[in-house]
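Visitor: Below is one structure. I have some questions about it.
Every number here is computed from the coordinates shown, using simple stated rules; none is lab data. Because the structure is a prediction, the values reported are computed rather than measured. All Cβ positions, even for glycine, are placed from backbone atoms using ideal geometry, and neighbour counts span all protein chains on display.
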Amino acid sequence: MSMSDSHKHCLYLKDCVQGVMELPDNSLDLILSGPPYFNFIVYSPEQENLSTRNYRDFLVEISQLWTNIEPKLKKGGMIALWIHDVYKRNEDYFTLLPLHADLASTFPPTIELRNIVIWDRYLKRVNPPPQVESEITRFQYILLFSKSKTRYEKNLNNFFWVPFWYYKTHQKFLGSKLLYRLIFQIGKIPFIYKIFSPLFFKTEKILVRDEYAAKEYTTVCPEEVVQMIMENFSHKGDAVCDPFLGSGTTMKVADTLGRHCIGFEINKDAREIILRKINTRHVKIVE
């Protein structure tokens, strides 16, 4: 992998399990991604996808990715994954598949689990609707790993994530938390939010409703989560890698923060979505 001054980032439109083998050893400072949800979410029809037929095969295959990418990560480098557990239908009730715990068990012994952060992504979600076969859970896990001791030990120990709307419910309006919470709830109504949000919120880019909507891609990670991870566990000029780039959020945030991003995405239909988020002149594309 080589990038000229004009190419700050590299987009590989190929399978990441084998694709990461093309990267030089000890070239990555941070790996961050949202891994696939086995067969509970369909990302693309590509035959090279991880197994969608057998869950154990899926875990074995994703374990191979971590084995292949481990030599590419510098000593002291970090890995951050965001993932939900999954409700799965069993006749007339649901069982819970602990995907975050199963994924954590797939790493080689040189990559150690260091911390887990849990945040309430979907405030209104309690149980899956009765008509669905599976559904991701309300809470999302951020799993933090390191390759031996890291220079980010202090950040690692103090790491937490509080969504923006939690801050809002702790503020006051006319000295009253209760009144502010009432306004906050009313503000979730779309037409009221559109009219009155400039009076209460600094920017409309900050979400004050209780979900991040995936508009262009099957799943989208909030930019705030990626930014928080990148700011805590990398520095300007570092090389970050997202083996499941998806809609390109990681690359967009890396561009904003001055990091070099190497992204893998097997779904070639995602190419245009990714390139809409970033200056195409900065991206080297490898197919």
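Visitor: Between Asp92 and Ser105, what is the label-to-label distance in nm when each label sits 7 Å out along the Cα-to-Cβ direction?
Guide: Placing both labels 7 Å along Cα→Cβ, they lie 3.1 nm apart.
Visitor: Give a quick list of chymotrypsin sites (Phe, Trp or Tyr not before Pro) in segment 229-287 that DSSP marks as loop, anything other than H, G, I, E or B, with at most 10 other Cβ atoms within 10 Å.
Guide: Sparse-neighbourhood loop chymotrypsin sites (Phe, Trp or Tyr not before Pro): none present.
Visitor: Give a quick list of trypsin sites (Lys or Arg not before Pro) in segment 237-276 that DSSP marks as loop, anything other than H, G, I, E or B, with at most 15 other Cβ atoms within 10 Å.
Guide: Of the trypsin sites (Lys or Arg not before Pro), the ones in loops of segment 237-276 whose Cβ has at most 15 other Cβ atoms within 10 Å are Arg276.
Visitor: Which pairs in the list Lys74/Lys236; Lys147/Lys268; Lys75/Lys277 are over 27 Å apart, alpha-carbon to alpha-carbon?
Guide: From the list (Lys74/Lys236; Lys147/Lys268; Lys75/Lys277), the Cα-Cα distance tops 27 Å for Lys147/Lys268; Lys75/Lys277.
Visitor: Something else: Taking amide H positions as placed in the peptide plane 1.01 Å from N, state which residues far from Gly34 in sequence (5 or more) or on other chains have amide H under 5 Å from it.
Guide: For Gly34, whose amide H was placed from the backbone, the distant partners under 5 Å are Trp82, Phe244.
Visitor: Write out the trypsin sites (Lys or Arg not before Pro) in segment 49-117 meeting two conditions: DSSP loop, and at most 12 other Cβ atoms within 10 Å of their Cβ.
Guide: Arg53
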